[in-house]
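Values in this text are rule-based calculations from the coordinates and carry no lab data. Because the structure is a prediction, the values reported are computed rather than measured. Using ideal geometry, Cβ is built from the backbone for each residue, glycine included, and neighbour counts are taken over all protein chains shown.
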Amino acid sequence: MRRHRPARAALLSMAWLTACVWPSALHGTVTPAFANAKVAHTVRDVDRGHIATTFYNPIMDQNADPWMTQYDGSYYLTATTGDNVTIWRSPTITNIAAGVQSIVWSPSGKEADFTDIWSPEIHHFGNRFYIYFAADQNSNNALHRDYVLISRADNPMGPYRFGGEVHDPANQWMIDPNIFSLRGHLYFLWSGWRNDQNQVQRLFIAPMSSPTHIDGPGVVISSPTYPWETSVAPINEGPVTLQHDGKTFIVYSANASWKNAYCLGLLTLVGDNPLNPSDWRKTAHPVFSSQNGVYGPGRASFVTSANGKQDWMIYHAARVNGSGWDRTIRAQPFTWNKNGTPDFGAPIPLDQAIPLPAGEVPNRMTYNPAKTTATAVTFDVTVARAGTYGMYVRYKNATGATTTQNLIINGQPQLPLSIPISGSASRRNQDSTLEMDVTLPRGASTIEIDTGPLGASVPFIQLTTSVVAPY
């Protein structure tokens with residue numbers, strides 16, 4: 001089970017719309033984006049920015065249960081927001097938070113009492129898109145079941161209509177739907193209970209007669225048995241199918257999602273029949289777990305890089321040590337072992353720069369401070385056209401609480417920044433990234449962020465190289 005954080009509204013800018021002469025194209029020395037980024041303590045020459053060839057996690061500083069997929073040259077992300085189904089679209093993995101965002105379904109009519117909407121996934125069958133998700137009614141967790149939305153056209157952004165429950169004949173508690181095709185047959189996966197008296201979360205599979213209908217009883221293919229699956233709570237959940245070179249795997253989340261013990265496990269289909277539990281083999285150890293200052297990683301999905309040459313995992317992890325259901329969304333590449341199984345490696349620390357996915361065109365400009373005082377940091381930025389840009393604020397907040405810090409663009413106050421904690425003063429990996437939208441005039445602008453002794457520090461910011469919404 002999981003809680004959610006409300007989606008943060010896009011930051012609305014009130015920047016001056018004064019026309020400015022564009023001094024030059026976006027250019028500069030192409031260097032690793034964050035190499036030797038240091039806060040200046042005096043006014044220096046204007047930093048015109050440099051192209052970022054790396055990025056830092058998180059790629060989205062809110063939500064959980066990320067599901068990313070690719071279609072027609074774009075990446076689409078949906079995630080648990082709790083009260084609706086939202087989709088983000090971007091041409092790149094790393095800029096998904098600054099992409100087009102649309103709420104494609106909210107409870108209404110006969111479904112108005114739907115609550116705790118979890119783990120949506122987008123799938124494409126024929127000429128329609130299907131979004132599978134879990135929901136209960138009036139916050140009664142025992143009523144959690146899996147449902148489906150159906151697109152009205154061949155467009156992942158919708159519109160969608162409610163397609164009803166994906167009904168399991170046993171009619172028991174179920175969450176975390178996933179669907180996959182193997183040798184021309186569809187199969188439905190979920191995490192569920194055997195009954196109300198036996199609430200151990202197990203992984204079930206059932207055959208499907210169509211993308212909306214289960215056609216047979218659910219079969220348990222995984223139960224939490226190893227200590228790493230049961231030390232806090234006996235849970236197997238979040239099954240996601242990963243297929244590669246003719247092999248089928250299920251990557252699932254194990255143990256308590258609200259604790260650092262949360263991790264990823266792996267099932268491998270070693271036989272021919274996915275409905276036969278003995279045809280699945282469980283890896284005896286977690287394949288991705290808390291390390292390197294990353295805590296409670298879980299609920300992964302998988303895409304390839306823009307040029308198709310790299311495999312990437314999109315997952316969530318606790319914001320900081322022990323923060324439980326307060327999570328952020330992250331991305332990192334993975335490889336394959338000689339035996340054909342996925343090698344996810346270890347979670348990449350938040351303070352480690354990651355090269356952009358292969359084939360991804362650099363899409364952000366990095367700006368170091370032009371001026372730093374005891375109470376504020378100022379950045380001089382330049383954009384090619386007036387419009388709304390994605391701004392990524394790299395920060396350290398070891399205060400122990402979310403801070404509220406003023407944002408001023410071209411002398412005009414904006415909505416204040418709400419900057420979550422990112423660690424403690426005694427631990428490394430205090431860095432994190434906050435994304436919001438800012439509206440800028442064409443040409444030069446100044447962006448000032450108040451810091452002060454009780455605020456988060458901001459070593460640099462980044463702006464998308466193209467507008468996310470023009471004037």
query = Which of the lysines could a cross-linker bridge to Lys371, judged by Cα under 19 Å and excluding same-chain residues fewer than eight apart?
reply = Lys38, Lys396
inquiry  = Net charge around Ala300, counting only other residues with Cβ within less than 14 Å of its Cβ (Lys, Arg = +1; Asp, Glu = -1)?
reply    = -3
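Suppose only helical runs count, i.e. DSSP H with n ≥ 4. What mean residue ellipticity at 222 nm does that imply for the chain under -39500 (n - 2.57) per run, divided by all residues and rounded to the nearest 500 deg cm²/dmol?
So the calculated ellipticity at 222 nm is 0 deg cm²/dmol.
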request  = Please compute the net charge surrounding Ile408, taking Lys and Arg as +1 and Asp and Glu as -1 over other residues with Cβ under 15 Å from its Cβ.
outcome  = -2
inquiry  = How much length would be gained if the chain were fully extended between Lys309 and Asn337, taking 0.36 nm per residue of separation minus their Cα-Cα distance, in nm to one decimal?
reply    = 8.5 nm
In nm, spacing of pseudo-spin labels at Arg161 and Ala401 (7 Å Cα→C-beta vector) = 5.1 nm
remark   = Between Asn171 and Trp228, the FRET efficiency computed from the C-beta separation at R0 = 30 Å comes out, to the nearest 0.05, as 0.45
message = Rounded to whole Å, give me the distance from the Cα center of region 399-458 to that of region 258-314.
response = 34 Å
query = Can you give the extra length, in nm with one decimal, that the chain gains between Ser209 and Leu275 once fully stretched, where that is 0.36 nm per residue apart less the Cα-Cα distance?
reply = 22.3 nm
request  = Stick to Cα atoms and the Kirkwood definition of Rh, then tell me Rg/Rh for the chain.
outcome  = 0.98
remark   = Summed over the other residues with a beta carbon less than 14 angstrom from that of Asp343, with K and R at +1 and D and E at -1, the charge totals 0
remark   = Of all trypsin sites (Lys or Arg not before Pro) in region 248-325, the ones in DSSP coil with at most 13 other Cβ atoms within 10 Å are Lys309
remark   = Taking a straight Cα-to-Cα line shorter than 26 Å from Lys282, and setting aside same-chain lysines fewer than 8 residues away, one finds Lys247, Lys259, Lys338
remark   = Expressed as a whole-number percentage, the relative contact order of the chain with C-alpha contacts under 8 angstrom and at least six residues apart is 18 percent
query = What distance in nm separates the simple spin-label points at Glu111 and Lys259, each placed 7 Å from Cα in the Cβ direction?
reply = 3.4 nm
